[in-house]
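I have placed the structure first, in the form of structure tokens, so that the comments after it can refer back to it.
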Protein chains: 2
Amino acid sequence: GVNPDLASERQTASFSVEKLTAWLDGGAEQTRLRRAVVEAIERDPVFSRENQYFQSQNERYEAAVRKAVHLQKKMHEMGWSQEGPESKYIYRAVSGDIAFLLHRIFMRSISVLGSDEQIAKWIPPASQYQLIGSYAQTELGHGTYLQGLETTAVFDVTTQEFILNTPKISAMKWWPGDMGRSATHTVVFAQLYVHGKCYGIHPFIVQIRSLQDHSLCPGIIAGDIGPKMNFEHVDNGYLMLQNVRVPRENMLNKFCEVQPDGTYVRRGSQKINYFTMTSVRISLISTEAVTPLMKAGTIAIRYSAVRRQSKLKPGEQEAKILDYQTQQEKLLPQLAAAYAFHFIDNYLQELFDRGYREIQRKNFDMLPELHALSSGFKATVTQYCTSGVEICLRACGGHGYSLLSGLPSLYTKIIASCIYEGENTILLLQTARFLVKSFMAASTGQSVPPSVAYLAAAKPRKCPARNKLDFLSPDIYTEAYQHMAVRLISSTAAKLQDLIQSGVKKHDAWNQCTVQLAQAAKAHCHYLTVKNFAETVAKIESKAGIQKIMKHLCDLFALHGIFSNAGVFLHDGYVSGAQMDMVTASYLDLLAIIRRDAVPLVDAFDFTDKSLNSALGCYDGQVYQRLYEWARKSPTNKQISPAYEKYLKPLLHNRLSKL
Amino acid sequence: GVNPDLASERQTASFSVEKLTAWLDGGAEQTRLRRAVVEAIERDPVFSRENQYFQSQNERYEAAVRKAVHLQKKMHEMGWSQEGPESKYIYRAVSGDIAFLLHRIFMRSISVLGSDEQIAKWIPPASQYQLIGSYAQTELGHGTYLQGLETTAVFDVTTQEFILNTPKISAMKWWPGDMGRSATHTVVFAQLYVHGKCYGIHPFIVQIRSLQDHSLCPGIIAGDIGPKMNFEHVDNGYLMLQNVRVPRENMLNKFCEVQPDGTYVRRGSQKINYFTMTSVRISLISTEAVTPLMKAGTIAIRYSAVRRQSKLKPGEQEAKILDYQTQQEKLLPQLAAAYAFHFIDNYLQELFDRGYREIQRKNFDMLPELHALSSGFKATVTQYCTSGVEICLRACGGHGYSLLSGLPSLYTKIIASCIYEGENTILLLQTARFLVKSFMAASTGQSVPPSVAYLAAAKPRKCPARNKLDFLSPDIYTEAYQHMAVRLISSTAAKLQDLIQSGVKKHDAWNQCTVQLAQAAKAHCHYLTVKNFAETVAKIESKAGIQKIMKHLCDLFALHGIFSNAGVFLHDGYVSGAQMDMVTASYLDLLAIIRRDAVPLVDAFDFTDKSLNSALGCYDGQVYQRLYEWARKSPTNKQISPAYEKYLKPLLHNRLSKL
């Protein structure tokens, strides 16, 4: 049965959980479809994650391969296709613990960068798994800075081949997933040399393992890079190339080609490449950042409703820890953030889809804005969600620290999202570059993209709020965020110009402003998130109490941000100290209000117990019983440790006295 | 050889690294002693941590037991004793990866809570390892709130025994170290019942495993609680008691006793118990929080001096990432914090030693202050250092995410320090209670302990700084911190009083202020840390450049704190927006200054390569070579995965075409 402490939380929901779920999914039909996929996957024992917390890296890898192979069968059985409506729910259903994700990137890179002939040659066998692909870009010595990659590909005009080499240890490919143990082929990014001239980074298809017996091909040194903080199921690999020859046709040549005589021809637009990065960054926001935060919030909030500790009132029963203001202040802002980022993800997806349609019509105008938004939001959302998951973990005390809570693995996985697909600081600075440029353009009356049009708008000088209730007005706080973002962007742009005018060289001046530029980029994204949340709430048809609770969450998200970043709002007096006290008062009031719906609000995320894989977060709230049951399954309880015979027994017996 | 990029960093040190090391150690003689201990331990292959990152929980446990047993032998060989001057360096030398730490707590609790007879009976065999002890306090359902523990001990007057029981699942002991697989005995905390009356929590010595064959004793159910985020080497355990009888003499009875007829007698002062907690909290600051931050800083800063990525100036070589302002802004404040906390630890140790002398003279006056300081600093330092280690990890990009960097294990271990020995939020609120009380006393002219005397002092209304250089004056920034701490404490105390006066019940009012109370406690500790750093710097005799660089670090620590918490300084206008710009300017200037000495400053921590156990952090800076060498040793490279024969081969071969 359900723990009464959790059951009681559900009886007082101010809204319909089922309706909120459907709304979050984009309609009841989507909810039905999602649940059908999840159920089909979870019913199949091959996809079980039951023993995940007890498995070694080798076992995790084996399980991930098993699941990936089985998934092909499953999809066939179920009539699901890669392009079908179910596909977006499959990854969620398997909780990411599956192999061959890089195989998909391998195929995507060929589709995007390859000629029609190359696509025709490689995509059919790849989609049939007649080969397993990987994507070898990152090297030991170079990550985000692609121009610095050191692997070389020299064109040999006599044999019509490229000769690939790893000239030094830092040039070794390092990190590519599916490459350490699985892949037979990979796309290698290398500096192209023809007749001694370097043409920069180009992609080459290289076979690395035999299709017959999986042994390494001649000239290939490859293996697994060893243990990581998470992703034990992925065989991130290393790769050294020693005079590896591939035919001329293996350079992906949609945009540039080396002709038989060595003539280098560039053709078409490479702008689409940016669009690929943009697409990856936007798509990971939901699956790799927001979903884990939703899961962590579900676990921590349910646990906080059944964990009783200490007394709030003398003489009464011990209180649920969710009733403590400090616990609410840890968890409820994370809950609000999960909703806020779910909505900004919708906004970005829509923008991206619009951009994609434009690009298909050869209109690349939206690219700079999309690039800036995808970079900035990838950085800010992954950062925020990572902190949020950590807060949830710590808010569960000792039990949160057990792997069985599910929280450590969520944390150790989400933290990687701050690094991969572009290191967050570097991404923020790319956004900042766009913001400074847009600010300059706006100041001189030029037109700028919609997301930065606010930089040109006239601003009020002071926040008009007169009491704490005024701060529950979206206009009031959205304008405060806008003002703050404009101030940070404009003051940093001014500092940059001052430095340059005072004779500092442009690149030095840029470096001296980067701390503030990164801050400005964050402010921009924070503002857009608040604004989008408020607009989303305004558009909800007021039914079943959803608008009301979403309005509370929006207020909480906004006021939490002001409370936690008070300095940037107070700095120029836009918000006064007295007004900041009003913000604090309204913020703390909201905690007590949202606390009442906290459990229904996480229930609405609709995670199954299996997908949470948490002894603390299950729907029934039977946390202690489950912790005990799961712990007993641990390999540490499956055998008498050899440590007893080897060390403990001699220690105890050698000097054993009569106690 | 040393990587030239790291060697060059050492040639330009503005101070003598060796002299700084000696000063940090408390004298050259201490340095010599420490190095001798570290060398003896590291030379011994039993203590090797070479394969640590590849080991399973079972293997880690076995290694920890092996090391603990071997350490006894080693200490005997070397002539080291538990009380000797070497002992404090042993734990550092083995890097904590050793069993039987709870055995020590077992002995300490008997020494503190036991009568002379009990000490005479239990301490000699325990110190000879004729038994292995643990300390069973925490339960599944209760951690920090000890009064809520549910294990019972009922006195049976007919047999003169206590009958111990686990009445429900939440009462199961859960988490005690050394208990899951090793311990033969444990101190169990249970609610004492005599003739049906409950006398609250008392400690009982209970045997849980046979001294002959290590089997569980009758009525005992015990085992390991399974995988955790770290501490794989510790067998944290669970324990259920079913009518387990222990003789009357097994209740530790220095402070209270059940006499044969059931009469309950309380004697002496229990205040000393607080002192034990105080002692544990203070002692963990250095070993569990500051040392890991120093290690993480060493790894990240050395790596940042050899990692070159992207170009700072067009046409030049790629830049060391340590030359980027954003990288400096991540790492150098953590470096400054490590020094700041090392000094506050010295301050707390001294205060604690003084307190201990007073207590020996039966003077308990210092206890409340010591309790407040140890709680507040345990919370703030572990929190700060945990964030700091995370920042260091992320600042190393993808390679920081590899376990081989050493950073993930530092992080997953240090995060536990925020939870154990008192959950941080609860500790902060204990400090806050002391602060509010002291503030009230000070306002009415009563005398208060030295660390809170500042609450009574008159304060200037505005920060007098007129340019950015003024903010390099310790008086200026120390006063700013003091002002801010006083304001947060006084305004929260006022809110509390207002609520009570408006009719809110005392406990509700307290709960409604806890977010701000916790903030006030942090502000108090932050102020004392800055003040103590400035005073430490002022006392350094100006030799070998040490004072100068320490002054820079002190300035950086202080200004980083103002920059990062601008809101609390701006709130009442004590610091103006224009002054905050000066703070920012000075802060950013300091980054560039300290960057020059960054590597010598971490070298001075004097960690051996073995103690860092990091492919990125070694003294020679050969990071890529070492990552590759270590990765090849991974078990993921030791065998062909069964996944090939089972899954990959069938997949590839079933549909293999002629490629």
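The values are calculated or read from the model by the stated rules, or taken from the named source; none is laboratory data. In this text the structure is predicted, and so the values were computed from the model without any measurement. FYI the Cβ positions are ideal-geometry reconstructions off the backbone, even for glycines, and counts take in every protein chain you see.
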Exercise for the section: Could you list, in sequence order, all residues of region B:592-607 that are within 13 Å of another protein chain (Cβ to nearest Cβ) and surrounded by fewer than 22 Cβ atoms within 10 Å (Cβ to Cβ)? Expected result: B:A592
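Here are A:L652, A:L590: which of them is closer than 30 Å to B:Q212 by Cβ, hydrophobic (A, V, I, L, M, F, W, C), in contact with a Leu (Cβ under 8 Å, 6 or more places away or on another chain) and part of a helix (DSSP H, G or I)? Talk me through it step by step, then tell me what you get.
Working: A:L590 fails: closer than 30 Å to B:Q212 by Cβ.
From the options A:L652, A:L590, the qualifying one is A:L652.
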Handout entry: Hey, A:T636 of a type in the set (V, I, T), buried (at least 23 other Cβ atoms within 10 Å of the Cβ) and farther than 30 Å from A:R92 by Cβ or not
Key = yes
Exercise for the section: Determine whether A:S8 is of a type outside the set (A, V, I, L, M), farther than 26 Å from A:L102 by Cβ and in contact (Cβ under 8 Å) with a residue 24 or more places away in the chain. Expected result: no
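Take the conditions within 13 Å of chain A (Cβ to nearest Cβ) and touching a Pro at 6+ places or on another chain (Cβ under 9 Å) and apply them to B:L499. Does it pass?
no
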Completion exercise
Of B:S56, B:S109, B:S95, the only residue that is in contact (Cβ under 8 Å) with a residue 60 or more places away in the chain, of a type in the set (G, A, S) and touching a strand residue (DSSP E or B) at 6+ places or on another chain (Cβ under 9 Å) is B:S109
Exercise for the section: Please name all residue pairs, on different chains or six or more residues apart, with Cβ atoms under 8 Å, provided the first residue is in region B:446-461 and is assigned to a loop (DSSP other than H, G, I, E, B) and the second residue is small (G, A, S). Expected result: B:S447/B:A441; B:V448/B:S438; B:V448/B:A441; B:V448/B:A442; B:V448/B:A456; B:P449/B:S438
Problem - Search result, residues across region B:562-591 that are out of contact with any helix residue (DSSP H, G or I) (no Cβ under 6 Å at 6 or more places or on another chain) and crowded, with 22+ Cβ neighbours inside 10 Å - result: B:Q579
Fill in the blank from the handout: Residue set B:S375, B:S402, B:S417; condition at the interface with chain A (Cβ under 8 Å from one of its Cβ atoms) and touching a Lys or Arg at 6+ places or on another chain (Cβ under 9 Å); output residue B:S402
Problem - Residues of region A:502-549 that turn out to be away from chain B (no Cβ under 14 Å) and in a helix (DSSP H, G or I), as a count - result: 20
Exercise for the section: Have a look at B:L252, B:L332, B:L241 and point out the one that is aliphatic (A, V, I, L, M), within 14 Å of chain A (Cβ to nearest Cβ) and either crowded, with 19+ Cβ neighbours inside 10 Å or within 30 Å of B:P218 (Cβ to Cβ) (or both). Expected result: B:L332
Handout entry: Some residue of region A:110-124 being in contact with an Asp or Glu (Cβ under 7 Å, 6 or more places away or on another chain), among the hydrophobic types (A, V, I, L, M, F, W, C) and more than 30 Å from A:S170 (Cβ to Cβ)
Key = no
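This table checks each residue for (1) among the charged types (D, E, K, R); (2) closer than 30 Å to B:L488 by Cα; (3) not in a helix (DSSP H, G or I).
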site	(1), (2), (3)
A:T584	no, yes, no
A:L601	no, no, no
A:F605	no, no, yes
A:S611	no, no, no
A:Q625	no, no, no
A:W630	no, no, no
Practice task
Tell me, please, whether a residue that is farther than 26 Å from A:L393 by Cβ, assigned to a loop (DSSP other than H, G, I, E, B), assigned by the TED database to the domain that holds B:I414 and out of contact with any strand residue (DSSP E or B) (no Cβ under 6 Å at 6 or more places or on another chain) can be found in region B:332-342.
Solution key: no
Practice task
Evaluate the following for A:C198: is it at pLDDT 95 or above, more than 13 Å from chain B (Cβ to nearest Cβ) and touching a strand residue (DSSP E or B) at 6+ places or on another chain (Cβ under 9 Å)?
Solution key: yes
Exercise for the section: Kindly indicate whether any position in region A:177-196 is among the hydrophobic types (A, V, I, L, M, F, W, C), free of Cβ contacts under 8 Å to residues at least 12 places away in the same chain and over 25 Å from A:Q259 (Cβ atoms). Expected result: no
Fill in the blank from the handout: Filter region A:608-638 for residues that are more than 9 Å from chain B (Cβ to nearest Cβ) and among the hydrophobic types (A, V, I, L, M, F, W, C); the one that is nearest to B:G226 (Cα to Cα) is A:A615
Practice task
Please find, within region B:378-399, the residue that is nearest to the chain's Cα centre (by Cα) out of those that are within 14 Å of chain A (Cβ to nearest Cβ) and aliphatic (A, V, I, L, M).
Solution key: B:A379
Handout entry: Selection within region A:89-105 - aromatic (F, W, Y) and farther than 12 Å from A:R34 by Cα
Key = A:F100
Handout entry: Elements of type helices (runs of 4 or more DSSP H) contained in region B:80-187, each with 3 or more residues being away from chain A (no Cβ under 11 Å) and modelled with pLDDT under 95
Key = B:87-93, B:101-113
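Let's see how each residue does on (1) aromatic (F, W, Y); (2) crowded, with 17+ Cβ neighbours inside 10 Å; (3) over 30 Å from B:E139 (Cβ atoms):
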| position | (1), (2), (3) |
| --- | --- |
| A:S286 | no, yes, yes |
| A:A289 | no, yes, yes |
| A:V306 | no, yes, no |
| A:E316 | no, no, no |
| A:Q325 | no, yes, no |
Handout entry: Qualifying residue in region B:420-433 (condition: modelled with pLDDT of 95 or more and away from chain A (no Cβ under 13 Å))
Key = yes
Handout entry: Search result, residues across region B:296-314 that are within 14 Å of another protein chain (Cβ to nearest Cβ) and out of contact with any Leu (no Cβ under 6 Å at 6 or more places or on another chain)
Key = B:R307, B:R308, B:Q309, B:S310, B:K311, B:L312, B:K313, B:P314
Practice task
Determine, yes or no, whether B:V69 is outside any loop (DSSP other than H, G, I, E, B) and either within 14 Å of chain A (Cβ to nearest Cβ) or surrounded by fewer than 19 Cβ atoms within 10 Å (Cβ to Cβ) (or both).
Solution key: yes
Exercise for the section: Six or more apart or on different chains, Cβ under 6 Å: which pairs go from a residue in region B:558-585 that's assigned by the TED database to the domain that holds B:F343 and over 11 Å from B:A465 (Cβ atoms) to one that's charged (D, E, K, R) and outside any helix (DSSP H, G or I)? Could you list them? Expected result: B:G577/A:D572
Handout entry: Residue selected from region B:305-324 under the condition among the polar types (S, T, N, Q) and touching a Phe, Trp or Tyr at 6+ places or on another chain (Cβ under 9 Å), by the criterion nearest to B:D597 (Cα to Cα)
Key = B:Q309
Handout entry: Qualifying residues in region B:565-591 (those that are more than 10 Å from chain A (Cβ to nearest Cβ) and out of contact with any Cys (no Cβ under 7 Å at 6 or more places or on another chain)) - the one nearest to B:E9 (Cα to Cα)
Key = B:L590
Problem - So A:E257, is it more than 30 Å from A:S56 (Cβ to Cβ), within 14 Å of chain B (Cβ to nearest Cβ) and outside any loop (DSSP other than H, G, I, E, B) - result: no
